[in-house]
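Take a look at the structure below.
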Amino acid sequence: MTGPAGGRVGTESVLRSPPDGYTLLCAPQLTYSITHLVFSKIAFDTRGMEPVSVLATYPLIVLGRTGLPADNLSQLIAYAQANPGKINYGHQGKGNTGHLLGELLMLKGQFQMTEIPYRGSAPAINDLLAGNIDIVPDYLLANKQNIDAGKLKMLATGGRERLKDYPTVATLAETLPGVYADTWMGVAAPAGTPKEVVRTIATAIGQAFAMPDLRARIVALEATPLGNTPEEMRDMVRKSTEQWGPVVEAAKIVVD
């Protein structure tokens with residue numbers, strides 16, 4: 001699941017489940033932070049859920065087709081500003097992370113791209129590989145093979161530091177100061193789940209994510225393992241809403 005427009009059936013099922021700690025939701029940050037902002041006819045509201053723990057964070061990246069006349073974000077912005085209407089971008093669907101990152105780049109970089117929504121990452125990436133679209137904001141793991149094979153360009157990474165496997169690829173903030181775009185997977189329980197139950201689950205997750213073998217496997221995926229507390233997850237949800245809420249409002253993003 002990649003954002004608030006995905007996983008609605010699963011989310012609704014968890015929200016309707018007994019608050020006993022036996023049914024949990026594992027979902028990306030936007031499911032918890034902006035669902036109530038993007039759905040025009042909202043069937044559920046995740047704000048009442050009990051945060052348990054964030055499992056790991058991982059950066060978003062900006063991918064470009066091989067023939068794109070730009071090799072990094074700075075060049076992309078310069079080209080788009082000099083050639084209005086020439087650049088388009090694909091994303092996984094309305095209200096998803098790729099959509100929001102594309103809008104954030106335009107908002108902060110003061111340039112325009114034509115938005116092309118898809119139903120999921122795979123068709124967007126296929127069109128990017130075919131040269132039918134110019135860029136796709138997405139995740140590293142699913143695209144690493146194509147990047148390493150030279151079939152796609154990585155123009156920027158959304159983390160606070162450059163990726164260890166791609167030290168020549170600049171962060172977003174190196175071009176647009178203060179702009180970061182990572183995401184995370186978190187676990188939450190239905191509203192009303194007893195605090196002691198939530199704490200017990202969070203403690204177990206924290207212990208598991210402290211295991212060196214598990215941490216090494218997550219780090220190998222260019223992600224950062226966490227396994228933090230309910231309070232820390234609640235704070236991360238708040239910060240996500242503060243980061244992406246203005247983008248939703250500025251871009252007038254609505255999912256029917």
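The values are calculated or read from the model by the stated rules, or taken from the named source; none is laboratory data. Remember, it's a predicted structure, so these values are computed and weren't measured experimentally. Cβ: placed from backbone, ideal geometry, glycine included. Neighbour counts: every protein chain shown.
Only one of the numbered conditions (1) surrounded by 13 or more Cβ atoms within 10 Å (Cβ to Cβ); (2) touching a Lys or Arg at 6+ places or on another chain (Cβ under 9 Å); (3) modelled with pLDDT under 95 is not met by D165, and that is (1). You will find that of G206, G159, G192, the residue that is in the same structural domain as S74 (by TED's automatic domain parsing) and within 30 Å of G48 (Cα to Cα) is G159 and no other.
Among residues of the range 106-129 that are within 22 Å of T66 (Cβ to Cβ), those with a beta-carbon under 8 Å from a residue that is among the aromatic types (F, W, Y) and surrounded by 18 or more Cβ atoms within 10 Å (Cβ to Cβ) at least six positions away or on a different chain give the pairs M113/Y89; T114/Y89; E115/Y89; I116/Y89; S121/Y139; A124/Y118; D127/Y118. The helices (runs of 4 or more DSSP H) found wholly in the range 87-172 and carrying at least 1 residues that are in contact with a Phe, Trp or Tyr (Cβ under 8 Å, 6 or more places away or on another chain) and not β-branched (V, I, T) occupy 97-109, 121-129. When the test is whether a residue is in a helix (DSSP H, G or I), more than 18 Å from Y32 (Cβ to Cβ), of a type outside the set (A, V, I, L, M) and modelled with pLDDT of 95 or more, D213 passes it.
The conditions of being farther than 20 Å from V169 by Cβ and in contact with a strand residue (DSSP E or B) (Cβ under 9 Å, 6 or more places away or on another chain) are not met by F44.
With the condition kept exactly as written, say whether any residue in the range 217-224 is touching a residue at least 60 places away in the same chain (Cβ under 8 Å) and at positive phi. Yes, the range 217-224 contains a residue that is touching a residue at least 60 places away in the same chain (Cβ under 8 Å) and at positive phi.
Taking the range 96-142 as the range and being at pLDDT 95 or above and at positive phi as the test, the residues that pass are Q110, G131. Would you mind stating whether V62 is crowded, with 23+ Cβ neighbours inside 10 Å, modelled with pLDDT of 95 or more and more than 18 Å from A189 (Cβ to Cβ)? So V62 fits the description; yes. All but one of (1) exposed (fewer than 15 other Cβ atoms within 10 Å of the Cβ); (2) modelled with pLDDT of 95 or more; (3) over 21 Å from R217 (Cα atoms); (4) not aliphatic (A, V, I, L, M) hold for Y79; state the number of the condition that does not hold. With respect to (1) exposed (fewer than 15 other Cβ atoms within 10 Å of the Cβ); (2) modelled with pLDDT of 95 or more; (3) over 21 Å from R217 (Cα atoms); (4) not aliphatic (A, V, I, L, M), Y79 is out only on (1). If you go through the range 97-154 and pick out every residue that is buried (at least 17 other Cβ atoms within 10 Å of the Cβ), β-branched (V, I, T) and over 23 Å from W184 (Cα atoms), you end up with 1. The residue that is nearest to the chain's Cα centre (by Cα), counting only those in the range 235-248 that are surrounded by fewer than 15 Cβ atoms within 10 Å (Cβ to Cβ) and farther than 14 Å from G178 by Cβ, is R238. Of the candidates G10, G21, G67, G48, the single residue that is on the phi < 0 side of the Ramachandran plot and either of a type in the set (V, I, T) or at pLDDT 95 or above (or both) is G67. Checking each residue in the range 177-197 for being crowded, with 20+ Cβ neighbours inside 10 Å, over 22 Å from P225 (Cβ atoms) and among the aliphatic types (A, V, I, L, M) picks out only V179.
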